[in-house]
1. How about segment 129-214: which helices (runs of 4 or more DSSP H) wholly inside it have at least 3 residues that are among the small types (Gly, Ala, Ser)?
2. For segment 180-207, give me each residue that is polar (S, T, N, Q) and at pLDDT 95 or above.
3. Can you pull out the residues in segment 186-197 that are surrounded by fewer than 24 Cβ atoms within 10 Å (Cβ to Cβ) and within 16 Å of residue 341 (Cα to Cα)?
4. Any residue that is more than 30 Å from residue 84 (Cα to Cα) and either open to solvent by less than 30 Å² (accessible area, probe 1.4 Å) or in contact (Cβ under 8 Å) with a residue 12 or more places away in the chain (or both) - is there at least one of those in segment 334-343?
5. Just to be sure before I move on: is residue 351 assigned to a loop (DSSP other than H, G, I, E, B), out of contact with any strand residue (DSSP E or B) (no Cβ under 9 Å at 6 or more places or on another chain) and in contact (Cβ under 8 Å) with a residue 60 or more places away in the chain in the structure I sent?
6. Out of 4, 79, 47, I need the residue that is within 30 Å of residue 241 (Cβ to Cβ) and either modelled with pLDDT under 95 or of a type in the set (S, T, N, Q) (or both). Which one?
7. Where in segment 29-122 are there strands (runs of 3 or more DSSP E), lying fully within it, with 3 or more residues that are open to solvent by less than 60 Å² (accessible area, probe 1.4 Å) and basic (Lys, Arg)?
Amino acid sequence: MESLRQLYKIGNGPSSSHTMGPRKAAEVFAGRTSGTSRYEVTLFGALAATGRGHLTDQAILSVLSPLAPTEIVWKPDTLLPFHTNAMTFKSFDSEGKETDSWTVYSVGGGDIVEEGMQRTSGPDIYPLSHIKDIQAECEREGTSYWEYVDKCEGSGIWDYLKEVWQVMKEAVERGIEAEGVLPGGLGVRRKAVSYYVHAEGHNKSLKSRGLVYAYALAVSEENAAGGRIVTAPTCGSCGVVPAVLYHLHTSKGFSEQRILRALATAGLFGNVVKTNASVSGAEVGCQGEVGVACAMAAAAASQLFGGTVAQIEYSAEMGLEHHLGLTCDPVCGLVQIPCIERNAYAAARALDANLYSAFSDGSHRVTFDRIVEVMKQTGHDIPSLYKETALGGLAVIK
């Protein structure tokens, strides 16, 4: 299992698989070609079906167009067998002769792979990749999940997580000040500032919930506008973890050090899903994005409130279990409806999962690892119509 640096990626939205991944692929292809007179990039499947709404073409053109004229070819009805988010880069010389061709897949979280490759983009530094094994080691040694992260990653991870936390905070704070209509043509107005103002006028309980909504909306709206965010685990679900942690940091006074430890724990659970299943909406639906984000945030909250390793695992399990089967069918392919609202709702559910597990001793029948297996199978069983194709479900609403 790879480093948390590969899960928490800092970049610009609105989509980790449709914007960050293609931009990264364009950078790689540009680096392996020289003296090119023309580029051609063909987008297939889900990448083509929702690419315009996700600014896929703009991400690629921003890299290749300054080097040579670049044509984007859209083939939404052509699916390559390895993964639905496929793209083929071609370069041509001044005589029109093809000089290089490369097919690559954007598999979620900003990662790209070639067919037959493992999805990991960094070295495996975690010897264990299932929560049951990690939990057993923690219980045996009397340690917590964040200490396991420290043991595997080394002390350098804390500087990186500090940067991640800073970007998350900045996204919240920008988002609750920004107003206006989000780009894309749907006419969706930013709501974070309104929720933030209204929350301040309610009693303690309603204020708390309203602020969580506001913080999640703030980050998700920043993402939809192409702002700087952190994949947690993806761009489309980037509002959940920051909302929960920012709220607990500001309202409960948890120190930055404890927030960073909670981020490490959240990342560990997200990493397990990414390794054993998927966090790509195009591959398994939104259960792999918002569902995993909810599980991560629930684990983080449980740790902050003093949960045992069993209670933390239970919180994460509930966060993911109760998002099983969630489709990924954004209206017009934009990461706006229902994505933004869904982040706010999942942030609240994460806090509820923490509270529910806190009343228990942490014992329960279905493990987090089993839910990950079920999520993967469920994702494969969901028709492609409901996985980022913009051809079914909410996506066809005008």
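The values are calculated or read from the model by the stated rules, or taken from the named source; none is laboratory data. Just so it is clear, the structure is predicted and the values come from calculations on it, not from any experiment. In this analysis, Cβ positions are derived from the backbone assuming ideal geometry, glycine residues included, and neighbour counts consider all displayed protein chains. Only protein heavy atoms, including side chains, enter the accessible area calculation; ligands, DNA and RNA are left aside. Shrake-Rupley method; radii C 1.70, N 1.55, O 1.52, S 1.80 Å.
1. Because the criterion is at least 3 residues that are among the small types (Gly, Ala, Ser), the helices (runs of 4 or more DSSP H) in segment 129-214 that meet it are 192-200.
2. Step one: filter segment 180-207 for residues polar (S, T, N, Q), giving 194, 203, 205.
The answer is 194, and nothing else.
3. First, pick out the residues of segment 186-197 that are surrounded by fewer than 24 Cβ atoms within 10 Å (Cβ to Cβ): 186-191, 193-197.
Of everything in segment 186-197, those that are surrounded by fewer than 24 Cβ atoms within 10 Å (Cβ to Cβ) and within 16 Å of residue 341 (Cα to Cα) turn out to be 186, 187, 188, 189, 190, 191, 193, 194, 195, 196.
4. Taking segment 334-343 as the starting set, the residues that turn out to be more than 30 Å from residue 84 (Cα to Cα) are none.
No: zero hits.
5. no
6. Values: 4 fails: either modelled with pLDDT under 95 or of a type in the set (S, T, N, Q) (or both); 79 fails: within 30 Å of residue 241 (Cβ to Cβ).
Within the list 4, 79, 47, the selection yields 47.
7. Once the strands (runs of 3 or more DSSP E) in segment 29-122 are filtered for at least 3 residues that are open to solvent by less than 60 Å² (accessible area, probe 1.4 Å) and basic (Lys, Arg), nothing remains.
Residue-by-condition table, conditions (1) over 28 Å from residue 279 (Cβ atoms); (2) touching a Pro at 6+ places or on another chain (Cβ under 9 Å); (3) of a type outside the set (A, V, I, L, M, F, W, C); (4) open to solvent by less than 20 Å² (accessible area, probe 1.4 Å):
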site	(1), (2), (3), (4)
199	yes, no, no, yes
204	yes, no, yes, no
212	no, no, no, yes
217	no, no, no, yes
220	no, no, yes, yes
229	no, yes, no, yes
236	no, yes, yes, yes
247	no, no, yes, yes
257	no, no, yes, no
